[in-house]
Amino acid sequence: MWQNLIAVIIFVVIYCLRDARKPQFYPPGPNWLPLVGCGVYVFNLMKRFNFYHLMWHDLARRFGSVVGLKLGRDRVVIISGLEAVREFYSKDEFNGRPNGFFFRVRSFNKRLGVVFTDGEEWEVQRRFSVRTLKLLGMGKTGMVSNLEKESDDLIQHFRKFSRTQKTINMHNAFDIAVLNVIWTLIAGKRFHLGDKRLEWITGTIHKSFRVIDMSGGVLNQLPCVRYICPVKSGFAPLVRLLKPLWDFLENTIKVIASRSNAAEDYDCLISSYLRELQKDELHPSFSYEQLLCVCLDLFQAGSETTSNTLGFGVAYMLHHPEVVSKMHQELDNVVGRYRLPLLRDRPYLPYTEAVICEIQRMSNVAPLAIAHRTVSPVQLGTYLIPENTITMVSLYSLHMDKAYWGDPETFRPERFLNETGTQVIQHECFLPFGAGKRRCLGESLAKSNLFLFFASFMHAFIVEPAVDGQLPQLEGIDGITLSPKPYRVFLKERLIYWTHKH
Ligand code: HEM
């Protein structure tokens, strides 16, 4: 009996010592405790910073541009600063995605979709999605009239508020229009801008991005906590939010499946995928469940980021009337007061374009991009990162790099313009869509959306805070992405008359 007890104690001690030992050449970081790793340290630090990206930024300041941690069972490495980020994005070994419990909750505890998969299955599904979206017009002129119609409808919708002098919730005002653009590609239809069910769905998408952070939280490190504290671990709220999204997508797929053979012109990503499923020689990664998860990925990744950027954008404009005046001047000169901007105006509106870049730089809606995973051991600088390590790249560290930008805390669109103010310039420290092979799949669509919705909105209205002198907060709400805090505004029309022919 005593012998057994002593053997167990020795085993536990050896296990704990091994568990707290860092791999050779692992990046510097806080000390590891057995079982919890740096969990307690990070938990306490988070109480101070409130935002994950700010906490990781502080760790980078203390330990350097590559910080090595362990959270529960997971090794986690945070990469900051231009040099390390550039090396990170250039190496294929970093192109995996984490395979923990949290990252599979969205896809029925399997590895499905394009966001949280890797290897051959990811390559096949990403290639299919990109090819189909391009065939459907993404990033091409075919899409232009759809986008312009959507922005036109959105402005007409906002006019109802300006005419009745009612205030409007601005932080999420672009949600349905943004979703419509992506939904037209996925399901071939759009929704009425006042659609209550869609309002509820977009609200659900926002909430699903808030319940957990990009590292997967405690749920990823200790999946069993979902039985002990389902609410606090984030599991119950996440499933409660995902359920209506799954149902919504599944119903849509069923409806399209029932008529996809009949209507040739009813073309969209879902019907293309359903047609693919009927082929004899099919890659094994294609399945009905896979289709559902590809749609969920595009639906969530495509709508949340774009509408959050627009929500932040208007908030920044309320803080910077001098920027609004310059933009109005440019829009009046190029577009005139008799119509809304069109996509073809974009090359002639460099200041407006620079304002959008500055909004993206400062709002940092995806401050930590999407978590990656090492698929084999890999060197980064002088460090060795073992296989199966979660790696997170701090885009925030690039966008707020004082050495690069000089005054990163100042909202100054001119930093994105050449000396004569006639051309938008590229900055290597500006990567809102990530880089490398896992770069954002919807970048071209997002850029067109941001330009058209933002330029049209700013051209059509003068925006004022709902309560005189009360400006919206700019710090946002934490989660997988950053979203603007709720705020309301009054809109006053500034265009004389406009018309679009679609
Ligand atoms: C302002 C808007 C957007 C921003 C800031 C944004 C940002 C990003 C970032 C930072 C990543 C991760 C890169 C990495 O892993 O290192 C990403 C991935 C992704 N984005 Fe976007 N995105 C936006 C709009 C969109 C749109 C409109 C779509 C859909 C059409 C989309 C679909 C995706 C998908 C599917 C991925 C995962 C790609 C992969 O893992 O292979 N995004 N995005």
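So how many residues does region 390-407 have that are away from the ligand (no atom under 15 Å from the Cβ) and surrounded by 15 or more Cβ atoms within 10 Å (Cβ to Cβ)?
So in region 390-407, the residues away from the ligand (no atom under 15 Å from the Cβ) come out as 400-407.
Filter again for surrounded by 15 or more Cβ atoms within 10 Å (Cβ to Cβ), leaving 400-401, 404-405.
Summing the residues that are away from the ligand (no atom under 15 Å from the Cβ) and surrounded by 15 or more Cβ atoms within 10 Å (Cβ to Cβ) in region 390-407 gives 4.
Give region 296-346 a look and list any residue that's within 24 Å of residue 364 (Cα to Cα) and of a type in the set (A, V, I, L, M), or say none.
Within region 296-346, 296, 298, 301, 310, 314, 315, 317, 318, 323, 324, 327 qualify.
Regarding region 480-494, can at least one residue be identified that is of a type in the set (A, V, I, L, M), more than 14 Å from the chain's Cα centre (by Cα) and either more than 8 Å from the ligand (Cβ to nearest atom) or modelled with pLDDT under 95 (or both)?
Checked against the condition, which is being of a type in the set (A, V, I, L, M), more than 14 Å from the chain's Cα centre (by Cα) and either more than 8 Å from the ligand (Cβ to nearest atom) or modelled with pLDDT under 95 (or both), region 480-494 yields at least one hit.
Counting only residues that are surrounded by 23 or more Cβ atoms within 10 Å (Cβ to Cβ), at pLDDT 90 or above and among the small types (Gly, Ala, Ser), how many does region 259-307 have?
Of the residues in region 259-307, 1 are surrounded by 23 or more Cβ atoms within 10 Å (Cβ to Cβ), at pLDDT 90 or above and among the small types (Gly, Ala, Ser).
Can you go through 472, 413, 465 and tell me which one is in contact (Cβ under 8 Å) with a residue 12 or more places away in the chain, away from the ligand (no atom under 16 Å from the Cβ) and over 23 Å from residue 305 (Cα atoms)?
Just one listed residue meets the conditions, 465.
Between a residue in region 328-348 that is of a type in the set (Asp, Glu) and any residue that is in a loop (DSSP other than H, G, I, E, B), which pairs come within a Cβ distance under 9 Å, given they are 6 or more apart or on different chains?
These pairs meet every condition: 330/349; 345/335.
From the list 175, 152, which one is more than 14 Å from the ligand (Cβ to nearest atom), closer than 30 Å to residue 459 by Cα and either in contact with a strand residue (DSSP E or B) (Cβ under 7 Å, 6 or more places away or on another chain) or in contact (Cβ under 8 Å) with a residue 24 or more places away in the chain (or both)?
Details: 175 fails: more than 14 Å from the ligand (Cβ to nearest atom).
Answer to the selection: 152.
Sort out which residues of region 392-404 are touching a Gly at 6+ places or on another chain (Cβ under 9 Å) and not in a helix (DSSP H, G or I), and write them in order of number.
393, 394, 401
For every residue, the table says whether it meets (1) within 14 Å of the ligand (Cβ to nearest atom); (2) assigned to a loop (DSSP other than H, G, I, E, B).
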residue: 45; (1), (2): no, no
residue: 48; (1), (2): no, no
residue: 58; (1), (2): no, no
residue: 61; (1), (2): no, no
residue: 68; (1), (2): no, no
residue: 109; (1), (2): no, yes
residue: 112; (1), (2): yes, yes
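Restricting to region 347-383, what's the tally of residues that are among the acidic types (Asp, Glu) and not in a helix (DSSP H, G or I)?
Total meeting the criteria: 0.
Within region 372-387, track down each residue that is within 23 Å of the chain's Cα centre (by Cα), surrounded by fewer than 24 Cβ atoms within 10 Å (Cβ to Cβ) and not β-branched (Val, Ile, Thr).
Once the filter is applied, which keeps residues that are within 23 Å of the chain's Cα centre (by Cα), surrounded by fewer than 24 Cβ atoms within 10 Å (Cβ to Cβ) and not β-branched (Val, Ile, Thr), region 372-387 yields only 373.
When you check residue 120 against the structure, is it surrounded by fewer than 21 Cβ atoms within 10 Å (Cβ to Cβ) and in contact with a His (Cβ under 9 Å, 6 or more places away or on another chain), yes or no?
For residue 120, the condition - surrounded by fewer than 21 Cβ atoms within 10 Å (Cβ to Cβ) and in contact with a His (Cβ under 9 Å, 6 or more places away or on another chain) - is met.
Within region 418-442, track down each residue that is near the ligand (Cβ under 9 Å from one of its atoms) and at pLDDT 95 or above.
431, 432, 433, 434, 435, 436, 437, 438, 439, 440, listed by residue number.
Within region 90-104, take every residue that is assigned to a loop (DSSP other than H, G, I, E, B) and within 14 Å of the ligand (Cβ to nearest atom) and give me the one that is surrounded by the most Cβ atoms within 10 Å (Cβ to Cβ).
Restricting to residues being assigned to a loop (DSSP other than H, G, I, E, B) and within 14 Å of the ligand (Cβ to nearest atom), the top hit is 98.
Mind checking which residues of region 459-469 are at pLDDT 90 or above and either surrounded by fewer than 15 Cβ atoms within 10 Å (Cβ to Cβ) or part of a strand (DSSP E or B) (or both)?
Correct list: 461, 462, 463, 464, 465.
Looking at 310, 331, 318, can you tell me which residue is assigned to a helix (DSSP H, G or I) and within 11 Å of the ligand (Cβ to nearest atom)?
Only one candidate qualifies: 310.
Would you please name the residue that is surrounded by the fewest Cβ atoms within 10 Å (Cβ to Cβ), looking only at residues in region 151-201 that are among the polar types (S, T, N, Q) and outside any helix (DSSP H, G or I)?
This residue is 165.
The values are calculated or read from the model by the stated rules, or taken from the named source; none is laboratory data. None of the values given here were measured: they were computed from a predicted structure. As a convention, Cβ positions derive from the backbone with ideal geometry for all residues, glycine included, and neighbour counts pool all protein chains shown.
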